[in-house]
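Please treat every number below as a calculation from the coordinates, not as lab data. This is a predicted model, so every value here is computed, not measured. Using ideal geometry, Cβ is built from the backbone for each residue, glycine included, and neighbour counts are taken over all protein chains shown.
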Amino acid sequence: MKNIVVLVSGGGTNLQALIDAEKRGDIKGGKITCVISSKADAYALERAKQNGIATRVLVRKDYADVHEYSKAMLAALNEEKADLVVYAGFMTILDETLCRAYPNKMMNVHPALIPSFCGKGFYGLHVHEAVLEKGVKVTGATVHFVTEVCDGGPIILQDTVPVLNGDTPEILQRRVMENVEWKILPKAVSLFCQDKIKVENGRTIVNE
Ligand code: GAR
């Protein structure tokens with residue numbers, strides 16, 4: 001059984017999707033053992049507690065810089081014996097030492113079709129604002145492995161939704177979450193826990 005540690009910063013609907021999937025038996029070969037939040041008041045922590053999952057809080061401003069913060073995070077992940085680290089709405093950057101300590105063992109869900117609308121500054125609602133501003137007709141979400149390049153690691157799963165007339169960033173965010181994020185994140189986690197994802201030459205081979 002692989003230990004899954006989930007990193008969060010906010011509402012935690014993606015964490016909830018993982019918890020629900022685990023309860024249904026849809027996370028094969030893995031168990032959520034700890035949730036670590038970068039914010040003390042993140043509602044995601046409540047979701048973890050309600051489901052009997054251990055929690056930790058690591059607040060960025062309690063540390064001098066990104067390296068000190070990453071060191072503390074690495075110590076926490078090692079203590080938790082993490083086999084897989086999942087960024088589920090985790091909004092704090094971690095340094096390359098941490099990324100290299102868990103190569104192809106950290107995954108992130110991003111609310112757009114990478115390589116569009118990603119990288120620095122593209123997070124949360126801002127992504128959907130940019131999508132509407134550009135006028136693209138299709139958007140979606142991506143689950144990818146985390147490397148030191150922001151949103152640049154090997155892509156694991158993607159799926160799409162249409163952008164419709166009259167969409168607001170909030171409406172579009174909800175459509176992307178419900179139809180894509182909450183489905184592909186648990187699926188990617190389950191595939192990982194069953195050793196069904198290989199990485200070769202910076203690309204994944206996924207055996208669904
Ligand atoms: C999700 O849409 C997630 O994809 C996004 O933040 C939201 C968190 O919601 N993540 C990023 O933008 C990371 N670059 P949640 O807390 O309800 O899961």
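Here 26, 95, 195, 151 are placed in order of increasing Cβ neighbour count within 10 Å, fewest first, which gives 195, 26, 95, 151.
Between amide H atoms placed 1.01 Å from N, distances below 5 Å from residue 140 occur with 113, 161, all of them 5 or more places distant or on a separate chain. Once C-alpha pairs closer than 8 Å and six or more residues apart are averaged by separation and normalised to the residue number of the chain, the relative contact order reads 21 percent.
Counted over all Cα-Cα pairs of the stretch 26-102, pairs farther apart than 16 Å make up 52 percent. Legend: Rg and Dmax of the chain, from Cα coordinates, 16.2, 49 Å.
The Kirkwood hydrodynamic radius of the stretch 71-159, based on inverse pair distances between different Cα atoms, is 13.7 Å. For the stretch 64-137, a crude dipole built from +1 on the beta carbon of Lys and Arg and -1 on the beta carbon of Asp and Glu, taken about the Cα centre, is about 300 debye to the nearest 20.
Cα-based Rg of the stretch 112-153 per 2.2 N^0.38 Å, rounded to two decimals? Scaled against compact globular proteins, the figure is 1.13. Distance from the Cα centroid of the stretch 124-144 to that of the stretch 167-184 is 10 Å (rounded to whole angstrom).
Largest first and in whole Å, the equivalent-ellipsoid semi-axes of the stretch 125-203 read 26, 14, 9, each the square root of five times a Cα gyration tensor eigenvalue.
Put in order of Cβ neighbour count within 10 Å, fewest first, the listed residues 138, 85, 206, 35 become 138, 206, 85, 35.
Only the Cβ atoms of Lys and Arg (+1) and of Asp and Glu (-1) were treated as charged; on that basis the dipole of the stretch 23-72 about its Cα centre amounts to roughly 320 debye.
The amide H of residue 156, built 1.01 Å from its N in the peptide plane, has 143, 144, 145 as neighbours under 5 Å, considering only residues 5 or more places off or on other chains. Amide H to amide H, with H built 1.01 Å from N, residue 57 comes under 5 Å of 37, counting only residues 5 or more places away or on other chains. When the trypsin sites (Lys or Arg not before Pro) in the stretch 110-200 are filtered for DSSP coil states and for at most 12 other beta-carbon atoms within 10 Å of their beta-carbon, the remaining sites are 120, 137.
Taking Cα centre as origin and charging only the Cβ of basic (Lys, Arg, +1) and acidic (Asp, Glu, -1) residues, the dipole magnitude of the stretch 1-146 rounds to 320 debye. Between 202, 166, 184, the Cα set farthest toward the positive side of the dipole of the stretch 70-208 (charges on each charged residue's Cβ, about the Cα centre) is that of 202.
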